[in-house]
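Trainee: Would you mind keeping the following structure in view while I ask a few things?
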Amino acid sequence: MNNSEKLKLEKIYSLVFLDKLPLAIQSLKQILISKESSIHLKEIVQFKIADILFQLKKYNKSKKEFNNFIKGFPHSQLVDCAKERLKFIQEQF
């Protein structure tokens, strides 16, 4: 990940810290669809979208995004965490 991508993430994490989660998700989705974003950045972004939705207790949307993450990045180190969150969602509903 290059410095420009790191700066983009820092700005978005600032939105998360300021509890502007819908705006953070919107910004993350823009990065996800950008052709200029590296695959490593897209991996982090896809997981973060799912994670924010999970934190907001929007479990149906979160479930969809975690499944997209696992499908898109099956070898990611974050897959186990995504699977744990999916298990939690399934146990609750």
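Laboratory data are not the source of any read-out in this text; all were calculated from the coordinates shown. Only a predicted model underlies this, so the values are computations on that prediction, with no experimental measurement involved. Because the Cβ atoms are built from the backbone with ideal geometry, glycine has one as well, and the counts that use them run over all protein chains shown.
Trainee: Which condition number in (1) more than 21 Å from Leu23 (Cβ to Cβ); (2) not in a helix (DSSP H, G or I) is the one that Lys57 fails?
Mentor: Only one criterion is unmet by Lys57, namely (1).
Trainee: Among the residues of the stretch 63-93, which ones are under 24 Å from Lys6 (Cα atoms), touching a Lys or Arg at 6+ places or on another chain (Cβ under 9 Å), touching a residue at least 24 places away in the same chain (Cβ under 8 Å) and assigned to a helix (DSSP H, G or I)?
Mentor: Within the stretch 63-93, just Gly72 meets the criteria.
Trainee: What are the residue pairs meeting all of these: first residue in the stretch 5-22, first residue in contact (Cβ under 8 Å) with a residue 40 or more places away in the chain, second residue assigned to a helix (DSSP H, G or I), Cβ atoms under 9 Å, and 6 or more apart or on different chains?
Mentor: Note: no pairs meet the criteria.
Trainee: Follow-up question, since we're still on this one. For the stretch 44-62, which residues satisfy the criterion of being hydrophobic (A, V, I, L, M, F, W, C) and either in contact (Cβ under 8 Å) with a residue 60 or more places away in the chain or crowded, with 18+ Cβ neighbours inside 10 Å (or both)?
Mentor: Ile44, Val45, Phe47, Ile49, Ala50, Ile52, Leu53, Phe54
Trainee: OK, next. Residue under question is Lys42, and the condition is that it be under 23 Å from Asp19 (Cα atoms) and either touching a His at 6+ places or on another chain (Cβ under 7 Å) or not in a helix (DSSP H, G or I) (or both); does it hold?
Mentor: Criteria not met by Lys42.
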